[in-house]
Structure formats: C-alpha cells, structure tokens
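The values are calculated or read from the model by the stated rules, or taken from the named source; none is laboratory data. The shown structure was predicted, so the numbers you read here are calculated from the model rather than taken from an experiment. In this analysis, Cβ positions are derived from the backbone assuming ideal geometry, glycine residues included, and neighbour counts consider all displayed protein chains. Please note that ligands, DNA and RNA were not included when accessible areas were found on the heavy atoms of the full protein model with its side chains. Shrake-Rupley method; radii C 1.70, N 1.55, O 1.52, S 1.80 Å.
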Amino acid sequence: MEWETVIGLEIHAQLATTSKIFSGAATAYGAAPNTQACAVDLGLPGVLPVLNKETVRMATKFGLAIGATVAPRSIFARKNYFYPDLPKGYQISQYELPVVGQGYVDIELEEGGSKRIGITRAHLEEDAGKSLHEDFNGMTGIDLNRAGTPLLEIVSEPDMRSAKEAVAYMKKLHALVRYLEICDGNMQEGSFRCDANVSVRPKGQEAFGTRAELKNINSFRFVEKAIDYEVERQIALIESGGKVVQETRLFDPDKGETRSMRAKEEANDYRYFPDPDLLPLVIEPAFIEAVAATLPELPDAKRQRFMEEHGLSAYDAGILTDSRDIADYYEAVVTAVGGEPKLCANWVIGELSSYLNRDGREIDASPVSSVLLAGMIKRILDNTISGKIAKEVFDAMWAGEGDADAVIGKKGLKQITDTSAIEKIIDEVLAANPDNVAAYRGGKDKLFGFFVGQVMRATQGKANPQQLNELLKRKLEG
Amino acid sequence: MHNKTLSELSAGLAGGDFSSEELTGGFLARIGKFDGQLNSFITVTAESALAQARAADARRAQGQAGALTGIPLAQKDIFCTDGVRTSCGSKMLDNFIAPYDATVIEHCNGAGLVMLGKTNMDEFAMGSSNETSFYGAVKNPWDLKAVPGGSSGGSAAAVAARLTPAATGTDTGGSIRQPAALCGITGIKPTYGSVSRYGMIAFASSLDQGGPLARNAEDCALLLNVMAGFDPRDSTSVERATPDYSAALGNPVKGLRIGLPKEYFGAGLDPAVAQAVEEAIAEYRRLGAEVVEISLPNTALAVPTYYVIAPAECSSNLSRMDGVRFGHRCAEPQNLEDLYKRSRGEGFGEEVKRRIMVGTYALSAGYYDAYYLKAQQLRHLIADDFKAAFEKVDVIMGPTSPSVAFDIGARSDDPVAMYLADVYTIAVNLAGLPGMSLPVGFADGRPVGLQIIGNYFDEARMLGAAHQYQLATDWHQRIPHGFE
C-alpha cells in the first residue's frame, strides 16, 4: 500500500526581549542557576504577573508578517499541572483566544515550485525552568533562570507531507523570526524549538491517521531524522497488523529513534481557565498600524527583488535571503561596489560563506566586513588583481592583515597588466618548452593550460589572465 | 490611650501628648495581657514595632510626620512582610519568612505606621469563623464562647478588644465585613482594583480585595487613604488617581437615596438582627435619607456562583504550595509524587483541601462549561442586578450577616450552613463593588452589623453615610466587657 505522511509542527520561538514576559528579571542565557529568577519567577506567595508589552509588539509583528489577524482582544489562561520546574503549578499561556490568528507562509519545494503552509495560530506564553538530573546525587536540581522567558508558540496546520517539507517550513519560520528581530533563532540554546505531530494514512484517504507528538527535536537535521524514523515506525506497525496509539514520543538523537514518553490516557487535564491576575490583552488598531510601519522587507519580497533587480538566480537569491544578516551584508557590498551584484553574490555565497562555516562564525562576527569585501571586489574590477589572486587577498584580510590595498601592497600582488612584461615571460616559457610548443602546434590543444600555468607560476599568479590568454594564443598560433 | 480613635491618636501625637514609642509600648502591653484569651495575633513583632515607633518619633521631631505617622496597626497575616513570618493561617506557610513587602505594607511603612504584629485568620482566608486557622480559633471579645467571624477574625477581634487601633484585612466573600459585624467594629472592602493585591497571598484573585478594619468610618477612611492607590505590579489595579476617602465624611445624609433589597430581609434572617438593622434604617430616615425598597433578583444565586469561582481560582492559586521552593515539605520524600502528596496533605487543613477539590472538579474537562463557565455567566447577572439598582438609589443597605456571632464549633460540621451565612456579602465581591459594615446594635449581647453597598468607586459617599450615622449614635463606641 502507498502511504501518505501528514505533519503539523508546533514551534516555540523565544522572544528576544531583555526581560521576562511577566517579570522584570533578565532573560540572558547562561547565567549561574537561579540568579535570574526574581520573586515573580519563583512563584512566591503573593506575587503577580505584569505583561511585558514588548512581547505584544513582537507577536503583532509576527502576525502581520504571516498575513494573520492580530486579535483585538485575547486572553491569558492558566495551564495547570504540577512539575518542580513549573514554579506556580501552572503555566500562563493563551488558550481559547490567542493573540495571532490564522496565517501562512510559502515554502520552496525541492522539486521546484512552492507550497503554502497554513499557520493555525500563534500565542504568547511563559517558559518553564529546567530540571537538572545530574550532579545532585539522586536528587533533582531546579534552575528557574528560564522560568518566565517569553515564548511565541506557532502552531501550523497539518499541511506538510514529508520530513523535507517540515524542514523547509521550519527553516522558513526560522528565517522569518530573525528577519523580524523577534527571536535570535539560536537552536542550541533552545531559542527555537520544535514539536512535530506525525501521522500516516493510505494515499487517497481523507481522514487523518492517529498521530504521535514528537518532542525534543531541536535541530533541522533531527526534525528530518525523527520524522523519517517515526513514519517508518508507524507504517511498519500498521502493516504488521498493529495500531498507532496517540501518544507523546521523545526523539533520542544518539540512537536516532523515537520512544514513548506518555500515552494519551496519562495526559494531564490542564484545567485551562482565564488567568484572573491578568486583564484581557487589548490591541488597538493604531498600535497594529504603528508596528506595521516598522516591518522590514520580508524574505520572500527580498528574494524576488534580488532576482528581478539584481538578476540573480533563484538559488543564489534564496541563499542570500536565508538570513537578514546575510542579505544586509550582501546589499552593503553591492552598494559599496556600486553595482556588479552577481560578482558580489558569488563572493558572499562562495568564499565568505565557506570561511564562516570553517570557523563556525556568524556573519556579524566576520573579520571581513562588507566594506573590506567591497574594497577588494573593486580591485578585481579595476584589474589591480585577478579573481584568483583575490582569494589570497581575502585570506589575508580574514587573518586581519588590513584592507585589500594594504594586502596587495604588502604582498606585491598587483596584477601585471604591462603587455610587454607578459610577452617577455611568455617568450621565456615557450623557449624553455620547445617540445610542448611543437606538440600544441601539432594539435594538442589541451596543452594551452600548461602554458598558462607556467606563466602564472613565473609571475606568482599576478599576470592579468585575460591579457595572458590573448597574448599566449597569439604567440602559439603565430 | 487605647480607647482613642486614629484621628484622636494622630492629634495626640501631633500635640506631643505622648510619643509613638509610648503608644506602641502601651498596645504591646495590652496584647501581652489580653491576647492569651483571644488568640488574635499569630506573630507579635514587638521589637521591630518599637524600632519603627522610635523612627516615627524621630521623623516627627524632624517635622516630617504624616497624619498616621507613629500610629500602631496590626496586619492580617495574609500580607507578605519582609523578614517576618507570613503564614496565611496555614501550617503550609508556618516556616515562610517573606523576602519582600506587599504593596499595602510598603504603603503603611511609608506613612510611618507601626506594625504591632500579624493577625490570625482562617487558613488562606477560607472560612467565616476563624476556626480553620492552623494557629487555633480566635475568640470574640464580646463573648469568648463565640467566633469573631472570618476570615479577618484576628484583625476584627484585636480592634474590638482595643489591642490595636486599627488593622488591615482582606475580603473575598465578606472576610472584612462579616468579622467587623460580628465584633462590633467598622470595616470596608473597597471597589475591586483599589487596593493592590501585590504581596497579598491570593485566595481567589478575581474577588480578593484588601481594606481596613477600625473602630469607626472616619478611621477606615484614614487608613484606606494609605492602603489604596494604583500599583503597576498588580495588573488588576485600577489606574486612576487615589481619591480622598475622607472627603465626604462631613456630607449630610439628607436626600441620600437608600435602597433596601427585599431579598436581604427574607427567610433565614435572624429577627433580632432584622430589628437592629431596621432601627438603623429608621435613624437614617430621621437624618433625612429617602428609603426605598429595591430588588436584587439573583441574590439566591450568589452563594452557589461564588462557591464555584472562588474554589476554582484557589485550586490553581494554591498549586505553588508544593513543598519544592518554600513552605512545608514532608519528611524524607521518596519520590516526586510522594513529595507533592504528603507535603500538601500535611500542610493544608480540611477546609482548604475541600475547596481545592471542589475547584479542581469545577475546572476539569467535561465539567468546565457546566460549572465554571456557567458561574461566570451568573456573575454578570448578579452585577447587572446592582447596576439596575444604582440607577435608582445611591447606596444599598441591609444586614451584613443573617445572624450574630455563633458559638465556636457550632457550625464546624456543616460547611454548607457556614457558606450560606455569607449570602449578603458575597454578591458584592462577585460584582466588584465596595461594601462596608458598621455596628448598629446588639442581639443576645452580640453585635449586629449594617452593611452599606455602594456603586463603583463611591467609597467616600458610603463612608460619609456611615460617619453621619456614627455622629448620631454610639454603637461604635461600646467596649466589650473585660477589655475596657
């Protein structure tokens, strides 16, 4: 039988506020345990929550960016359950009336084209603390630094049909929240987390199969692995006469498998009810308009513009718009160079990206700034250096040896464009290799590259390649 | 000295008749002498009280004293006090030393009031008799066999017995008004949102409201002026300028339109209480008020509505008492579930457990619509009753409680009978309106309270009406025998 996979994702994006959603405590990552938990975060008797307005602005931004209605009135509700790292015995979340209603994003499909993924809702809530099970000698330690950190939970429709689509959707949202500057997107620190609801059904069947909820899949790679594993598990189970049960499953990245965490029957009755400590969240149209005015150009629009105005390929435009930082960097280079977008794009996508990858750096920590890169590209364009020599210049700039002109001057990398000088070296090379000259003239065209290489070696790569090609061709054929 | 009102004490301090230290020492001595009989204090903070008193005297010497600087006060043990045990009347918080001050405490400290100690109360403010306290029942100074009412029973008994000139309380379903009535003193629950709930340990967040208990309306106004005010730390705090609650004390009653809800004078009302209330109404007529009968048709729904909403909220509010971070933790927990079950099982008393169970049930999947949601709808109907009434009248009057103080133990086995006794006070909390009680006589030697219910933010008019009555009568000046 042919099976179809159905996937919906719940993404928790940690909002990039400096203080928590209901208290004034800091949200910075990595502080010593319980040093960023105030009386409110500790859930001491008598304390009360006060909503951080910045989280509302960020949620509004997100709502606008996915074409959703920002609710004029939404309600904070208590989700009640006991756990040691949940200080109040309830999580303040939104239930019946979320701040962001239905919206969508479009994902690019691997096989080409795009697909619209519906977003059911997005709501504000507070994060819980952390339970630390190691180093406490049979006991559990509680760190409440994270308790009260603002989250935007983004719930998708069950619109994805493969793990690859799920990853594409997740990447799309990841880029979007960073474009909007509402989330730093740091997945290692848990700023952007994902749960997946996965089910399978016979192809053509309308009704959904029973779903499992996969937790703890906090990288793009794990999402794909976890879903693929789960789909295979469910199909194998059904085909061997079993039934999928509704349950929560935990992904184990070491083993690459999912295992049952709790069945539906064991699920909590969360006893949601409106939090009487917080008034309904009322958002005025004027506020929404003001936020709309601050929206940056969004990835899809930017990508389109790079294709139409810069003449970039869909692929290049896609890579450059993956993150706002990269797009901004690229545009800064183009502006400083004064055009030549394709050449600029190649350097950003090529050399710069591979150096960033190699050193595990983000673009905002690149030793080669957009100004430095543009300065170098200008030297390519004015024939001071060749593209090949430019790689050497780039490497030196990366190592902190100054701007392109300084590196070119210090290392003597200025291109040789003097025709007579190049001719002289060609003549020496041809004189030293009479056999190869004869062979070339006898029809071994491939030897052309050999002669280029010899001249380049003799000039330490500084001969202008175009001039060299022309002169060499003339000499060999002459 | 101990028979003086706040305004008299204020004048005495200002005139140099006595110092705050003398005054504070005098009240501490009375607490030491009498509280063994009453059990109205959980914690007496003698040392810090005297230090505060000396600081208040110094402040006065520098010419920086306010109206209430140096006057002693008792705080209900529901308000968090930095460095002082804040038990909420529960074993659960018997070891809880609050690390911060409630906004009300900050306001009182700022005004230079001196805290004598923390008063006894029903556990987590759940009760109408002060019998549910982990620290034992409080006795009514008018008759030591009788309850003082609750949940602010310790505050009411201490004020009535002249162990403190005034005290703070909180009122979720009548917890200021009913003990004020049963102890023969004056107390007011202001409009919901007037007094910050920050640092006031929550029972039912949408109903809880702090307020003063004192010997007369004038003193209540003075103390409410200190307690009230917008607080950005409480999202339900109303953002408006704090009114001068004393402003209308001098306004004559003439022309005041008083509504008497017929539902408040029907079956279940003790005839002796009815008589005292009717005599008080007659006094208002003599003072020139217009009295009309009105109807609050949904009155009978108030108690059942309240006993869904209040337990639902408390079941969630009390979840933080889990033995993990503060409060009672059972000995040698075997695992997480054992920690929760035994810590909570040992830490909470019977009435608290009952309400947590009821509230958890009301919020459970499949029952939410039938109970919690329905109760919220009824709450609107009840509020609408008052809204309609206030189109015709300025204030509503009636009995605070259907009976006078009952004997300790008399209703302990019948929680429903206990709940039903809150029938006149509860609707006020559901509607968020201000309500107060003032003494208007006795039945069988035990005090009777008159309740005044006002429109939203109309406390000044209510306090004025009460003050005018107190100028014409002396019920508020009676002193329980043995405490003169």
Subject >> Total charge dipole magnitude, the protein assembly as shown, about the Cα centre, Cβ charges on Lys, Arg, Asp, Glu only, Debye to nearest 20 >> reply: 500 debye
**OP:** Take A:ARG73, A:ARG78 and sort them by solvent-accessible surface of the protein heavy atoms, 1.4 Å probe, largest at the top.
**Re:** A:ARG73, A:ARG78
Original post:
How long is the stretch A:419-477 along each principal axis, judged by its Cα atoms, biggest number first, in Å?
Top reply: 29, 20, 17
**OP:** With a 1.4 Å probe and every protein chain left in place, tell me how much accessible area B:HIS476 has, in Å² to the nearest 10.
**Re:** 20 Å²
Subject >> Cα-based convex hull volume of the stretch B:225-343 per residue, rounded to whole Å³ >> reply: 225 Å³
Original post:
Quick one: in the stretch B:116-274, what % of C-alpha pairs are over 28 Å apart?
Top reply: 24 percent
Original post:
Is the stretch B:391-484 best put as rounded, prolate or oblate by its Cα gyration tensor, with a ≥ b ≥ c the root eigenvalues, rounded for a/c under 1.5, and otherwise prolate when a/b is larger than b/c, oblate when not?
Top reply: oblate
**OP:** Give the interface area between chains A and B as buried accessible surface, both sides summed, probe 1.4 Å, in Å² to the nearest 100.
**Re:** 2700 Å²
**OP:** Name the residues of the stretch A:56-89, by number, that are at least 50 Å² less accessible with every protein chain in place than in the isolated chain; the surface is that of heavy atoms, probe 1.4 Å, without ligands or nucleic acids.
**Re:** A:PHE82, A:PRO84
Original post:
Near the amide H of A:ARG262, under 5 Å away, which other amide H atoms are found, from residues 5 or more places off or on another chain, if H is placed in the peptide plane?
Top reply: A:THR248
**OP:** Name the long-range amide H neighbours of A:LYS462: under 5 Å, sequence gap of 5 or more, or other chain; modelled H, no Pro or chain starts.
**Re:** none
**OP:** Give me the accessible area of A:GLU351, 1.4 Å probe, in Å² rounded to the nearest 10.
**Re:** 40 Å²
Original post:
Dipole magnitude of the stretch B:97-177 about its Cα centre, charges +1 at Lys/Arg Cβ and -1 at Asp/Glu Cβ only, in debye to the nearest 20?
Top reply: 280 debye
Original post:
Accessible area per residue, 1.4 Å probe, Å², for chain A: what's the number?
Top reply: 47 Å²
Original post:
In whole Å, what is the distance between the alpha-carbon centres of the stretch A:195-232 and the stretch A:35-78?
Top reply: 30 Å
Original post:
For chain A, how big is Rg over Rh, using alpha carbon atoms and the Kirkwood form of Rh?
Top reply: 1.11
Subject >> Residue mean of other protein chain beta carbons inside 10 Å, B:315-328 >> reply: 6
Original post:
Under 15 Å Cα-Cα from A:LYS53, which aspartates and glutamates qualify once same-chain neighbours fewer than 8 residues away are excluded?
Top reply: A:GLU125, A:GLU126, A:GLU284, B:ASP234
**OP:** Round to the nearest 10 and report in Å² the accessible area of A:TRP398, as given by a 1.4 Å probe over the protein chains' heavy atoms.
**Re:** 30 Å²
Original post:
From the backbone phi of the stretch B:6-17, what are the Karplus-calculated ³J(HN,Hα) couplings (6.51 cos²θ - 1.76 cosθ + 1.60, θ = phi - 60°) in whole Hz, Gly and Pro given as x?
Top reply: 4, 5, 5, 5, 4, 5, x, 5, 5, x, x, 5
Original post:
For the protein assembly as shown, which whole percent of the accessible surface, found with a 1.4 angstrom probe, sits on carbon and sulfur atoms?
Top reply: 51 percent
Subject >> Cα-only Debye scattering, the stretch A:3-266: base-10 log of I(q)/I(0) at q = 0.07, 0.09, 0.10, 0.15 Å⁻¹ >> reply: -0.26, -0.43, -0.53, -1.17
Subject >> For chain B, alpha-carbon Rg over 2.2 N^0.38 Å >> reply: 0.91
Subject >> Volume in Å³ per residue [convex hull over Cα atoms, computed for the stretch A:271-328] >> reply: 162 Å³
**OP:** Take every Cα pair under 8 Å in chain A that's 6+ residues apart, average their separations, divide by the length, and report that relative contact order as a whole percent.
**Re:** 14 percent
**OP:** Provide the per-residue ³J(HN,Hα) series for the stretch A:7-23, in order, calculated from phi with Karplus coefficients 6.51, -1.76, 1.60 and θ = phi - 60°, each as a whole number of Hz, with x at glycine and proline positions.
**Re:** 10, x, 10, 10, 10, 9, 9, 6, 6, 7, 8, 7, 10, 6, 6, 10, 8
**OP:** List, in order, the whole-Hz ³J(HN,Hα) value for each residue of the stretch B:246-263 obtained from phi through the Karplus relation with A = 6.51, B = -1.76, C = 1.60 and θ = phi - 60°; use x for Gly and Pro.
**Re:** 8, 4, 9, 4, x, 5, x, 7, 3, x, 5, 8, 10, x, 10, x, 4, 5
**OP:** Give me Rg over Rh for the stretch A:325-450, both radii from the alpha carbons and Rh done the Kirkwood way, two decimal places.
**Re:** 1.12
Original post:
Which whole number of Å³ per residue matches the convex hull of the alpha-carbon atoms in the stretch A:1-51?
Top reply: 167 Å³
Subject >> In degrees, nearest ten, helix A:447-458 long axis to first principal axis of chain A (Cα) >> reply: 90 degrees
Original post:
Under 16 Å Cα-Cα from B:LYS189, which aspartates and glutamates qualify once same-chain neighbours fewer than 8 residues away are excluded?
Top reply: B:ASP171, B:ASP208, B:GLU218, B:ASP219, B:ASP244, B:ASP422, B:ASP458, B:GLU459
**OP:** Express the C-alpha Rg of the protein assembly as shown as a ratio against the empirical globular expectation 2.2 N^0.38 Å, rounded to two decimals.
**Re:** 1.27
**OP:** Identify all lysines with a Cα-Cα distance to A:LYS444 below 21 Å; exclude those on the same chain that are fewer than 8 residues away in sequence.
**Re:** A:LYS473, A:LYS475
Original post:
Check B:ILE294: other-chain or 5+ apart residues with amide H under 5 Å from its amide H, H built from backbone geometry?
Top reply: B:LEU260, B:LYS262
**OP:** Go through B:TYR307, B:TYR264 and list them by solvent-accessible area, largest first, probe radius 1.4 Å.
**Re:** B:TYR307, B:TYR264
Subject >> Euclidean distance between Cα centres, the stretch A:458-478 to the stretch A:1-21, Å >> reply: 57 Å
